[in-house]
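Report on the structure given below.
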Amino acid sequence: MPSSSTPPADASMDMPPMDRHAPADLSHAAFGLGCFWGPDALFGAQAGVVRTTVGYAGGGSPNPTYEDIGDHVETVRVAYAPDQISYADLLDLFWAAHDPTRAPLKRQYQSALFPATPEQAEQARASRSDVAARHDSALSTEIIEAAAFTRAEPYHQKHKLRRHAAVADPLRAVYPADRAFADSPAAALANGYVGGHRAPTRLTDDAARLGLPTTATEALRTIAEDRHRA
Ligand code: MHO
């Protein structure tokens with residue numbers, strides 16, 4: 001009789017190798033780039049970005065939620081290994097990802113830099129000046145220092161990935177707790193692929209770090225091939 005505890009051959013996985021070996025000494029920075037689902041994937045796709053978290057920042061109203069966001073801004077907070085990616089690199093991504101002269105329709109979609117240290121704030125101001133010098137009209141993009149960050153609801157974390165059960169389900173099985181799933185480096189990277197921000201050819205190397213079941217890796221490859229524009 002087959003043992004009932006034996007999982008189906010290709011359906012389960014262990015904790016992803018890249019999660020087990022995530023670097024410990026991380027820097028943080030947060031960014032507002034409109035609806036936070038997109039930038040969650042954009043930053044998650046970058047080498048050196050270890051974790052992403054979406055949330056609310058930049059306002060004064062207490063206890064922001066998606067339904068009661070008040071004067072806060074949709075924000076993605078990035079934990080990164082500074083020896084692999086620099087704040088200057090993240091700033092380049094940020095400026096390339098939006099039109100800084102366009103004022104948002106709603107405060108919640110305001111583009112904003114949320115530097116976490118005085119050094120980052122200095123770099124943020126310098127980069128904003130550089131960008132401003134290249135535009136004729138005034139920039140809408142704000143720099144908001146010392147902003148508190150409130151995590152968004154679980155269903156907003158890795159939102160694009162969540163829509164693809166073939167990839168998300170095996171990871172959810174490893175991380176049944178919402179917080180652990182949201183904080184998974186592998187979930188951040190897989191979300192980056194789903195968002196089309198990483199070339200599908202890179203899956204050849206990333207597959208071993210992600211540690212997904214083969215069927216999930218192939219599902220992710222198909223999605224990435226559909227989304228990625230070189
Ligand atoms: N247009 C999007 C915005 C969501 S984002 C979390 C939607 O409601 O489907 O603001």
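The values are calculated or read from the model by the stated rules, or taken from the named source; none is laboratory data. Model, not experiment: these values are computed from the prediction. Every residue, glycine among them, receives a Cβ derived from its backbone with ideal geometry; neighbour counts consider all protein chains shown.
Note on region 35-64: residues that are within 12 Å of the ligand (Cβ to nearest atom), closer than 24 Å to A146 by Cβ and aromatic (F, W, Y) amount to 2. What's the number of the condition I223 fails, among (1) touching a residue at least 40 places away in the same chain (Cβ under 8 Å); (2) assigned to a helix (DSSP H, G or I); (3) farther than 19 Å from D40 by Cα? Unmet condition: (3).
Condition check for G196 on (1) at negative phi; (2) not assigned by TED's automatic domain parsing to the domain that holds T53: one failure, at (1).
Residues of region 93-121 that are surrounded by 12 or more Cβ atoms within 10 Å (Cβ to Cβ) and assigned to a helix (DSSP H, G or I): L93, F94, W95, R107, Q108, Y109, Q120, A121.
This table checks each residue for (1) within 16 Å of the ligand (Cβ to nearest atom); (2) in contact (Cβ under 8 Å) with a residue 60 or more places away in the chain.
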| residue | (1), (2) |
| --- | --- |
| Y66 | yes, yes |
| G70 | yes, no |
| T75 | yes, yes |
| A124 | no, no |
| H135 | no, no |
| A138 | no, no |
| A152 | yes, yes |
| K160 | yes, yes |
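Residue-level analysis places Y109 outside the set of residues that are touching a Lys or Arg at 6+ places or on another chain (Cβ under 8 Å) and within 16 Å of the ligand (Cβ to nearest atom). I'm trying to understand the selection: among the residues of region 60-87, which are outside any loop (DSSP other than H, G, I, E, B) and of a type in the set (F, W, Y)? Those that are outside any loop (DSSP other than H, G, I, E, B) and of a type in the set (F, W, Y): Y80, Y87.
Any residue in region 168-179 that is touching a residue at least 60 places away in the same chain (Cβ under 8 Å) and outside any helix (DSSP H, G or I)? The answer is no; no qualifying residue exists.
Which one is farthest from the ligand (Cβ to nearest atom), of the residues in region 175-192 that are buried (at least 20 other Cβ atoms within 10 Å of the Cβ) and aliphatic (A, V, I, L, M)? Among residues in region 175-192 that are buried (at least 20 other Cβ atoms within 10 Å of the Cβ) and aliphatic (A, V, I, L, M), the one farthest from the ligand (Cβ to nearest atom) is A186.
Do we have T53 as under 30 Å from A199 (Cβ atoms), among the β-branched types (V, I, T) and not in a helix (DSSP H, G or I) here? Yes, satisfied. When V73 is tested against (1) of a type in the set (A, V, I, L, M, F, W, C); (2) within 12 Å of the chain's Cα centre (by Cα); (3) buried (at least 21 other Cβ atoms within 10 Å of the Cβ), just one condition goes unmet, and that condition is (2). Considering only residues in region 8-59 that are farther than 18 Å from P154 by Cα and acidic (D, E), the one that is modelled with the lowest pLDDT turns out to be D10.
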